[in-house]
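Worksheet: one structure, shown below.
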């Protein structure tokens with residue numbers, strides 16, 4: 001393990017935390033599905049019992065954030081009121097009802113008589129989760145970690161320290177009441193611990209960053225531990241020339257304004273030139289009524305003169321705010337090319353009544369999610385039925401998109417024989433393998 005000089009002073013105390021988490025994770029990994037579900041339900045009950053304390057702690061964080069002039073997108077992610085907390089707790093309950101990802105046999109194969117191979121899903125081990133704001137991530141990720149048999153070390157931003165402390169206190173209480181080692185869930189609170197966590201190769205198996213693109217890139221550039229995440233959330237909505245205009249307006253408004261600081265909000269609206277003169281004015285009116293600042297290219301500004309002219313930087317910017325850039329394109333192919341140049345492989349959408357055009361767009365756009373006639377805001381683990389998500393991955397290799405339980409397990413091969421040796425299957429008189437698949 002390589003330790004940076006900056007993090008050296010924080011590594012030693014963090015090592016003991018990581019070791020305790022790994023030991024707790026090994027015990028957690030051996031629990032039955034019923035035992036893990038009881039632990040998750042106990043965590044949900046403890047969160048509900050401590051709701052007033054959690055909301056009060058978040059209010060303290062929010063007041064401090066206002067005084068510190070925290071950026072608007074981060075403040076939006078920080079806020080955890082009674083309604084948002086109740087929704088997050090409902091997500092914890094949902095995780096208890098999901099199938100157990102640990103234990104399923106993925107391959108069951110006879111290599112030869114009496115020599116049987118199995119590939120079995122197993123936990124990753126210890127997760128290191130670092131996030132800015134978003135205290136609700138504590139609940140989502142803790143529940144998923146418990147269900148998948150993994151320990152988790154959480155590190156929230158300084159703006160959410162009170163909220164995260166109250167949440168982890170309740171989670172540990174629930175685990176304790178369920179008879180599960182509460183060391184399975186840990187919380188770090190200092191910047192030095194963040195850097196030290198990235199140096200814990202050999203103790204932490206996966207780093208999951210959640211936050212701004214600059215923050216995620218910092219994590220990716222400063223650790224040798226595998227990283228699951230995405231650095232940008234530049235999503236597009238393309239309005240085709242055969243779009244249903246009412247659908248286009250409703251989808252655009254939802255995708256931009258429902259939660260503008262979310263990574264699945266659109267940052268650019270692409271519109272086919274054949275429909276732009278008719279469709280852009282009502283689209284702009286609806287977005288403007290929703291308090292969106294609209295920026296447009298030269299053609300868009302000719303159609304709607306009050307748009308703010310775009311610059312080259314706009315197409316590559318994740319606003320995370322009520323700002324939207326508009327570009328008029330000559331064809332679906334041009335829309336796809338623009339997305340290929342500026343998109344972040346997160347989520348892209350088309351509005352069209354033409355199924356051939358939709359298929360062309362969906363087959364050629366390279367993104368974790370490609371949608372037809374619906375909002376990009378559906379790119380979410382809860383909405384996908386995952387119960388919750390640990391984050392969204394835009395990498396090409398799986399897991400990709402919203403990552404739930406399936407992204408927190410790996411597999412290992414079990415091979416059982418009866419004195420078999422490899423020499424039997426090599427040489428001039430080699431015995432052939434049967435390679436017969438058996439029931440899973």
Step by step: first the residues of the range 122-154, then only those that are part of a loop (DSSP other than H, G, I, E, B), modelled with pLDDT under 95 and at negative phi, then the one that is surrounded by the most Cβ atoms within 10 Å (Cβ to Cβ). Which residue is that?
135
For the subset of the range 67-87 comprising residues that are surrounded by fewer than 17 Cβ atoms within 10 Å (Cβ to Cβ) and touching a residue at least 60 places away in the same chain (Cβ under 8 Å), which member is nearest to the chain's Cα centre (by Cα)?
72
For the range 332-348, enumerate the residues that are within 13 Å of residue 376 (Cα to Cα) and either assigned to a helix (DSSP H, G or I) or in contact with a helix residue (DSSP H, G or I) (Cβ under 7 Å, 6 or more places away or on another chain) (or both).
347, 348
Return yes or no: is residue 274 surrounded by fewer than 15 Cβ atoms within 10 Å (Cβ to Cβ) and part of a helix (DSSP H, G or I)?
yes
Across the range 349-365, which residue is surrounded by the fewest Cβ atoms within 10 Å (Cβ to Cβ) among those that are in a loop (DSSP other than H, G, I, E, B) and in contact (Cβ under 8 Å) with a residue 40 or more places away in the chain?
353
Looking at the range 109-124, can you tell me whether even one residue there is in contact with a strand residue (DSSP E or B) (Cβ under 6 Å, 6 or more places away or on another chain) and under 24 Å from residue 158 (Cβ atoms)?
no
Condition met for residue 159 (in the same structural domain as residue 70 (by TED's automatic domain parsing), over 25 Å from residue 33 (Cβ atoms), surrounded by 20 or more Cβ atoms within 10 Å (Cβ to Cβ) and out of contact with any strand residue (DSSP E or B) (no Cβ under 8 Å at 6 or more places or on another chain))
yes
Of all the residues that make up the range 162-202, how many are under 18 Å from residue 27 (Cβ atoms) and buried (at least 21 other Cβ atoms within 10 Å of the Cβ)?
9
Pair list, Cβ < 6 Å and 6+ apart or interchain, from the range 167-185 residues that are within 16 Å of residue 92 (Cα to Cα) to residues that are surrounded by fewer than 19 Cβ atoms within 10 Å (Cβ to Cβ) and modelled with pLDDT under 95
none
As an exercise: evaluate residue 1 against (1) touching a strand residue (DSSP E or B) at 6+ places or on another chain (Cβ under 9 Å); (2) crowded, with 19+ Cβ neighbours inside 10 Å; (3) at pLDDT below 95 and give the number of the one condition it does not meet.
(2)
Answer yes or no: is there a residue in the range 92-99 that is assigned to a helix (DSSP H, G or I) and either more than 30 Å from residue 203 (Cα to Cα) or out of contact with any helix residue (DSSP H, G or I) (no Cβ under 6 Å at 6 or more places or on another chain) (or both).
yes
For the range 366-402, the count of residues that are within 14 Å of the chain's Cα centre (by Cα) and either within 19 Å of residue 36 (Cβ to Cβ) or surrounded by fewer than 16 Cβ atoms within 10 Å (Cβ to Cβ) (or both) equals 11
So, in the range 335-369, exactly how many residues are within 21 Å of residue 246 (Cα to Cα) and touching a strand residue (DSSP E or B) at 6+ places or on another chain (Cβ under 8 Å)?
9
Just to be sure I understand, how many residues within the range 373-406 are at pLDDT 90 or above and at positive phi?
2
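The values are calculated or read from the model by the stated rules, or taken from the named source; none is laboratory data. Here the structure is a predicted model, which is why all the values come from computation and not from measurement. Reconstructed Cβ throughout: ideal geometry from the backbone, glycine too, with neighbour counts over all protein chains shown.
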